[in-house]
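Student: One structure, pasted below without further comment.
The values are calculated or read from the model by the stated rules, or taken from the named source; none is laboratory data. Everything numeric in this text was worked out from a predicted model, so none of it was measured. Cβ: placed from backbone, ideal geometry, glycine included. Neighbour counts: every protein chain shown.
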Amino acid sequence: MCGPLKILSQTKNGTLTFCDRSKLFQLVYNNLCFELYEWELDSLKSYISQVDISYWENEFKNWIHERKIPISVGQKHFIIIVSKREILEIKRLLSIDLKRIEFLDSADINYRFIEN
């Protein structure tokens, strides 16, 4: 078991943590848990970034289920199916296509401050 985990990223439904002692990353999303070494995490990031969301949504447009986007996890008969919202949240967890928020400096704000 790992000691204190460093939280690298967190969303409503998931967390990406790192254990310095075991050198493992842990991706927990809903009821899924993946423990990955750095090269495995890089591979997962690459795979997730290449998933064509619009293709899969179009491919399964007549499917009755909300989840239409398959994620292969390496086993022949085991595929995780996620929705568009879920795959975008996983991308956010993995910091894929993450738009950085630029914070303003106090000098950037055009405001005349008056002390009473």
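Conditions tested, residue by residue: (1) in a loop (DSSP other than H, G, I, E, B); (2) modelled with pLDDT under 85; (3) touching a Phe, Trp or Tyr at 6+ places or on another chain (Cβ under 8 Å).
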{"residue": "ASP42", "(1), (2), (3)": "no, no, no"}
{"residue": "GLU66", "(1), (2), (3)": "yes, no, no"}
{"residue": "ILE81", "(1), (2), (3)": "no, no, no"}
{"residue": "LEU98", "(1), (2), (3)": "yes, yes, no"}
{"residue": "GLU102", "(1), (2), (3)": "yes, yes, no"}
{"residue": "TYR111", "(1), (2), (3)": "yes, yes, no"}
{"residue": "ILE114", "(1), (2), (3)": "yes, yes, no"}
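Student: Search the range 9-30 for residues being touching a residue at least 60 places away in the same chain (Cβ under 8 Å) and not in a strand (DSSP E or B), and hand back the single one that is surrounded by the most Cβ atoms within 10 Å (Cβ to Cβ).
Tutor: Among those residues, the one meeting the criterion is ASN13.
Residue-wise test of (1) closer than 18 Å to LEU8 by Cα; (2) among the aromatic types (Phe, Trp, Tyr); (3) over 12 Å from the mean Cα position of the chain (by Cα).
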{"site": "LEU36", "(1), (2), (3)": "yes, no, yes"}
{"site": "SER49", "(1), (2), (3)": "no, no, no"}
{"site": "TRP63", "(1), (2), (3)": "no, yes, yes"}
{"site": "ARG67", "(1), (2), (3)": "no, no, yes"}
{"site": "SER72", "(1), (2), (3)": "no, no, yes"}
{"site": "PHE78", "(1), (2), (3)": "no, yes, yes"}
{"site": "SER83", "(1), (2), (3)": "no, no, yes"}
{"site": "LEU94", "(1), (2), (3)": "yes, no, no"}
